[in-house]
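Participant: Below is one structure. I have some questions about it.
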């Protein structure tokens, strides 16, 4: 069977050579293919083999144009395949041929312009083959010079079956071949493992993922993403009612802004949301509009209008606008860019308002810094719903790992690993999976749980001294928050990284409190919040005479939260020493600019020092209780709301029996 297939493919290449010979006489140069060892290529690299076969088919279709001495070929590569993979295969085919030059076209235009020089590539006189990602913007000079444009059809079912035969991976049905064909090129090694059935991987892909618009497996948006999951389900119900005529379009959310830290998976969430709601997905970004063609105002507006026009033509549709904060705020534009930027914002307002109607089009924006967006874009009728997109919880982290490691989907050990990755973004988890696949690839086998575990950075076990410091810190937060009646404390816990591990926060411990909704805040309310934020450090200072750096080590730390609230107190709430109201006057994302206002710096410093001392004084009066609560945390690691009742000042309740404590702990 192997020999018959090899002979068939060899005859196929010989025909290409004969066609080239027939075209040779009237031309100065000829295009020929050298016979290659197909089994060797297949055994060495699955991606090389599939790209090789696809290129041979493309060359066969275009043998005449490729034989021309002045050939400039534009070859569009499907988005799930890397240009480098196709370039490697082209080098195999044309290894011994002179007069050919390749270009891997950038996927987008940089703000400073293109990172390639067409003139340099075109002036050499050599035949030029330009590989470009399908759907990306092309340099205009290449479009003008092109003598051939074609799309590379990778993963033809015949090529997949040939690869399976060479690698002894068994037979593939048409359905299995179809799902494999839609996977990223880097997955082919995992699917076509030597002497392993490729059908097994295909069935896993069919089982654990849905095929969405664009044929991409998707995550479950209905769980694991907090408020965003709630909104997704609500939108799906409203759209269903609208389709059935039960709900007018005016009652459906017309737009939503997802905001949160980088790398959380907002882009992937948008694709999954479109499938969840059975919507066509039109995805773009503000930077793509800005880099369209020459990037001038006319090009920018043209790209914008095209996106909205395409969404209307494909309604019902989800129009996803990534990096939405790049649009800016008209009140903050530098004077030299004011006309350009203001015109862009006004045009976007016009598109969002939909004077010609945009029924059936839901606009979803995504950004990291919502405060940088012009407020008019976020008002009712535009991007009216604002949803914080959090870092994925344990459930979502497990789904993301399964998405990138489909052959391990459903394994309990993978979910356990995901639970121990608190604070990791979707991008972090994707990188972890990629590294695990690389380990398996080097050893020519399927990725396994051990590969994944090897990429997880496990927190070192805490010694008794450090664990006690963590307990003092969290007990300080709990006691001050309870005394100031800031909300209901659900539980307090610490992690020794031996038997107890963090699953919710990337920290050594945490206090979890449900705060009541407040319609307004007084100065005292905000002061109490800051006191609570600083109470952990104050407790350490009181007991040990100094504090550790985990109160200030990141943007989400206690001191960062307290500082941000103190700045809002002064600039937005007029709770400082001045009565001025200057919302947005300080760029909270730019620390160097934070202290340019000396009066603000003095006000904030005074607030923080005053509340730090308040927390320390409160805990000094509660020191016996503080020590008792910390000792209980060291012993039991976790105390829930009912168990904490025994430790609040004035309580006469005793600790519940240990069996009840364990049962209560498992319920959380």
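Participant: Sort through 274, 283, 270 and tell me the only one that's touching a residue at least 12 places away in the same chain (Cβ under 8 Å), out of contact with any helix residue (DSSP H, G or I) (no Cβ under 9 Å at 6 or more places or on another chain) and under 21 Å from residue 377 (Cβ atoms).
Facilitator: Sole residue among the options that is touching a residue at least 12 places away in the same chain (Cβ under 8 Å), out of contact with any helix residue (DSSP H, G or I) (no Cβ under 9 Å at 6 or more places or on another chain) and under 21 Å from residue 377 (Cβ atoms): 270.
Participant: Looking at (1) more than 23 Å from residue 310 (Cα to Cα); (2) part of a helix (DSSP H, G or I), can you tell me which one residue 262 breaks?
Facilitator: (2) is the only condition that residue 262 fails.
Each row is one residue, and each column tells you yes or no for (1) without any contact (Cβ under 8 Å) to a residue 24 or more places away in the chain; (2) in contact with a strand residue (DSSP E or B) (Cβ under 9 Å, 6 or more places away or on another chain); (3) buried (at least 19 other Cβ atoms within 10 Å of the Cβ).
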{"residue": "401", "(1), (2), (3)": "no, no, yes"}
{"residue": "405", "(1), (2), (3)": "no, no, yes"}
{"residue": "408", "(1), (2), (3)": "no, no, yes"}
{"residue": "413", "(1), (2), (3)": "no, no, no"}
{"residue": "430", "(1), (2), (3)": "no, no, no"}
{"residue": "433", "(1), (2), (3)": "no, no, yes"}
{"residue": "445", "(1), (2), (3)": "no, no, no"}
{"residue": "470", "(1), (2), (3)": "no, yes, yes"}
{"residue": "473", "(1), (2), (3)": "no, yes, yes"}
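Participant: I'm trying to understand the selection: among the residues of the stretch 66-99, which are touching a strand residue (DSSP E or B) at 6+ places or on another chain (Cβ under 7 Å), buried (at least 19 other Cβ atoms within 10 Å of the Cβ) and modelled with pLDDT under 85?
Facilitator: Listed by number, the residues that qualify are 66, 94.
Participant: Same structure again: Return the residue satisfying two criteria in turn: it lies in the stretch 103-118 and is surrounded by fewer than 19 Cβ atoms within 10 Å (Cβ to Cβ) and in contact with a helix residue (DSSP H, G or I) (Cβ under 7 Å, 6 or more places away or on another chain), and of such residues it is modelled with the highest pLDDT.
Facilitator: 104
Participant: A follow-up question, please. Sort out which residues of the stretch 351-377 are assigned to a helix (DSSP H, G or I), in contact with a strand residue (DSSP E or B) (Cβ under 7 Å, 6 or more places away or on another chain) and closer than 30 Å to residue 506 by Cβ, and write them in order of number.
Facilitator: The one that is assigned to a helix (DSSP H, G or I), in contact with a strand residue (DSSP E or B) (Cβ under 7 Å, 6 or more places away or on another chain) and closer than 30 Å to residue 506 by Cβ: 370.
Participant: A further question follows. Quick check on this structure: which one of 423, 398 is within 28 Å of residue 368 (Cα to Cα) and part of a loop (DSSP other than H, G, I, E, B)?
Facilitator: Result of the check over 423, 398: 423.
Participant: In addition: Could you tell me whether residue 237 is over 21 Å from residue 219 (Cβ atoms), more than 24 Å from the chain's Cα centre (by Cα) and part of a helix (DSSP H, G or I)?
Facilitator: Against the criterion (over 21 Å from residue 219 (Cβ atoms), more than 24 Å from the chain's Cα centre (by Cα) and part of a helix (DSSP H, G or I)), residue 237 does not qualify.
Participant: When you scan the stretch 559-637 for helices (runs of 4 or more DSSP H) that lie fully inside it, which ones turn up with 2 or more residues that are surrounded by fewer than 20 Cβ atoms within 10 Å (Cβ to Cβ) and at pLDDT below 90?
Facilitator: 591-594, 598-621
Participant: Take the stretch 312-325 and flag every residue that is modelled with pLDDT of 90 or more and assigned to a helix (DSSP H, G or I).
Facilitator: The answer is 324, 325.
The values are calculated or read from the model by the stated rules, or taken from the named source; none is laboratory data. Predicted model only: the values in this text are computed from it and were never measured. Here Cβ is always computed from backbone atoms with ideal geometry, including for glycine, and neighbour counts include all displayed protein chains.
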